[in-house]
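Just below is one structure, and these are the notes that go with it.
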């Protein structure tokens, strides 16, 4: 696996210990041009960076060495962790994102992503449930890597988690309304999985934000922010692993 150095100045000078690395966080670059995204990540003024960037041709750029804290996650939460930059490795994948004709990630990118992720998982003993998207840890701010990111495909290669439910059975439950008591169970399941309890709005808007993030990750065919029976069943299937 070829990794090319193209270092960014945007990182904390203090070195961390390998045991501090608990997460891998996936992002898309969200810019029209790949060159613009690279320039932003290595530019002094942007104040953003990641550890790696995967280009459209599958080439991997190393922007920040693993043992330094890159600036990719921002305000973020997962389980009992806060400000996840200090415990994570950030991987950006070149993709124009939702604002600019969001497209599928290509085969070369995914092959490179699998290679670098497996290397990092082995090196830092990263748990599958701590391999996340930016929208998982910052659901009120971010959409990336989005609903076209191949979480199911990656989970088969032990990168991240996915449910083990029959797709045909799930389709029968899609858009079926659930009771308020079931909505509360759904939210409790999301908390158990790791989604944040710390968003500012504690009402239906809050439920919609969390549901949308959950759908981008685990029910990618329909992103509507509405918790239905399919979402409830998927959340139960995943949450039971955290008992």
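The values are calculated or read from the model by the stated rules, or taken from the named source; none is laboratory data. Quick caveat, the model's predicted, so the values are computed rather than measured. Positions of Cβ are backbone-derived with ideal geometry, glycine not excepted, and every protein chain shown enters the neighbour counts.
Yes/no matrix, rows are residues, columns are (1) farther than 20 Å from residue 127 by Cα; (2) out of contact with any strand residue (DSSP E or B) (no Cβ under 8 Å at 6 or more places or on another chain); (3) modelled with pLDDT under 95; (4) crowded, with 18+ Cβ neighbours inside 10 Å:
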{"site": "18", "(1), (2), (3), (4)": "no, yes, no, no"}
{"site": "33", "(1), (2), (3), (4)": "yes, yes, no, no"}
{"site": "51", "(1), (2), (3), (4)": "no, no, no, yes"}
{"site": "54", "(1), (2), (3), (4)": "yes, no, no, yes"}
{"site": "64", "(1), (2), (3), (4)": "yes, no, no, yes"}
{"site": "91", "(1), (2), (3), (4)": "no, no, no, yes"}
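Regarding segment 38-45, can at least one residue be identified that is in contact with a helix residue (DSSP H, G or I) (Cβ under 9 Å, 6 or more places away or on another chain) and farther than 25 Å from residue 153 by Cβ?
no
Which is closer than 25 Å to residue 72 by Cβ and either in the same structural domain as residue 93 (by TED's automatic domain parsing) or in contact (Cβ under 8 Å) with a residue 40 or more places away in the chain (or both), of 241, 141?
Answer to the selection: 141.
Please note which strands (runs of 3 or more DSSP E) are completely contained in segment 21-126 and include at least 3 residues that are closer than 22 Å to residue 139 by Cα and assigned by TED's automatic domain parsing to the domain that holds residue 217.
On the way: elements: 23-28, 52-54, 60-62, 68-70, 88-93.
Here the list is empty.
Tell me yes or no: at least one residue of segment 2-10 is in a loop (DSSP other than H, G, I, E, B), at pLDDT below 95 and either within 16 Å of residue 117 (Cα to Cα) or over 18 Å from the mean Cα position of the chain (by Cα) (or both). Don't jump to the end; show me each part of the working.
Filtering segment 2-10 for residues in a loop (DSSP other than H, G, I, E, B) gives 2, 6-10.
Narrowing further to those that are at pLDDT below 95: 2.
Applying the additional criterion that residues be either within 16 Å of residue 117 (Cα to Cα) or over 18 Å from the mean Cα position of the chain (by Cα) (or both) yields 2.
Checked segment 2-10: at least one residue is in a loop (DSSP other than H, G, I, E, B), at pLDDT below 95 and either within 16 Å of residue 117 (Cα to Cα) or over 18 Å from the mean Cα position of the chain (by Cα) (or both).
Which residue is surrounded by the most Cβ atoms within 10 Å (Cβ to Cβ), if the candidates are limited to segment 116-133 and must be over 15 Å from residue 193 (Cα atoms) and in contact with a strand residue (DSSP E or B) (Cβ under 8 Å, 6 or more places away or on another chain)?
By that ranking, first place goes to 117.
Go through segment 176-234 and give me each residue that's closer than 17 Å to residue 144 by Cβ, touching a helix residue (DSSP H, G or I) at 6+ places or on another chain (Cβ under 9 Å) and part of a helix (DSSP H, G or I).
210, 212, 213, 214, 215, 216, 217, 218
Condition test on residue 111, is it more than 15 Å from the chain's Cα centre (by Cα) and over 14 Å from residue 94 (Cα atoms)?
no
Checking the condition assigned by TED's automatic domain parsing to the domain that holds residue 90 and surrounded by fewer than 19 Cβ atoms within 10 Å (Cβ to Cβ), which residue from 148, 188, 177, 229 passes?
On inspection, the qualifying residue turns out to be 148.
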